[in-house]
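A quick write-up on the structure given underneath.
The values are calculated or read from the model by the stated rules, or taken from the named source; none is laboratory data. As the structure is a computational prediction, the values presented were derived from the model and not from experiment. Neighbour counts are summed over all protein chains in view; Cβ atoms, including those assigned to glycine, are modelled from backbone coordinates with ideal geometry. Ligands, DNA and RNA are excluded from the accessible area calculation, which covers all protein heavy atoms including side chains. Shrake-Rupley method; radii C 1.70, N 1.55, O 1.52, S 1.80 Å.
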Amino acid sequence: MSTATWGELDTSANEMYPTNLLKYFLYQMMVQFSANGACLALYDESKTQMEIRLHVRLRNAGLSPRSGSPGEEELMSRRRATIDLSLVDQSSSSPKGKRVMQAVLELEDVTPHQSDLFPVGTGYPSGQDLIGYVWRYNEAYIMRHDGYLASFLSEQQAPLRMDIQPLWYLAAPIQEVTLSDEARGKRQKPRMFGVVVLYQTLPGSGGFHLKQRGEAINFTDRIALHLQNERQRAHR
């Protein structure tokens, strides 16, 4: 088993988490926070970066690519799919100790050909862009799109190519939950699993609210617990 940097996650962990499980988490957060799209970055120890693993949008959110780009509509139709996911909750008190939660999701993958915003496979060092910023300061943040551009896009950079422009962002870290260590009085920096970014695209959505920063952390703590369980099962 590879050795991880203190406070971080080893590279092989990125391969432990089933894509359907990660999509399930993103979908739940999108529903919970009325988001139209979301991306998930996981820590890659070999690159010491957060790397975008998934970027999805709701199919039923009324989003469509801008016209005038040959082949885009055909690409979008191929990427759209109804995904049937099952998530096993090992903590259930059911007779067999498991509860299976099924959800039919209508999500579409956002490809790098569609948008320069959080393309899958892109890595972000600590402090770079919104994902790197959340990683460095380990806090949840809410910002408008114009604030995002002003904070993270320099004047020398080319404008971002986006088929759909977000209006609001809500970003939160996913870090290891260490309740047992805290109960014993130990103070150890938790490992950082990744970063989630939610966004809203539709006018009239109302934006994200300040109280949702804390709610997002509570939600990502639940995600962290599931990821920790996946890591433990992979190492058995």
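Of the residues 145, 113, 209, ranked by 1.4 Å probe accessible area with the largest first, the sequence reads 113, 209, 145.
Simple spin-label estimate for residue 139 and residue 160 gives 2.1 nm between the two label positions (7 Å along the Cα-to-Cβ direction from each Cα). Residue 47 exposes around 100 Å² of accessible area when a 1.4 Å probe is run over every protein chain in place. On full extension, the segment bounded by residue 20 and residue 228 gains 73.2 nm, given 0.36 nm per residue less the C-alpha separation.
In this rough spin-label picture, where each label sits 7 Å from Cα along the Cβ direction, the residue 217-residue 205 distance is 2.3 nm.
With the highest mean first, a sort of the peptides 164-170, 18-24, 218-224 on other beta-carbon atoms found within 10 angstrom per residue produces 164-170, 218-224, 18-24.
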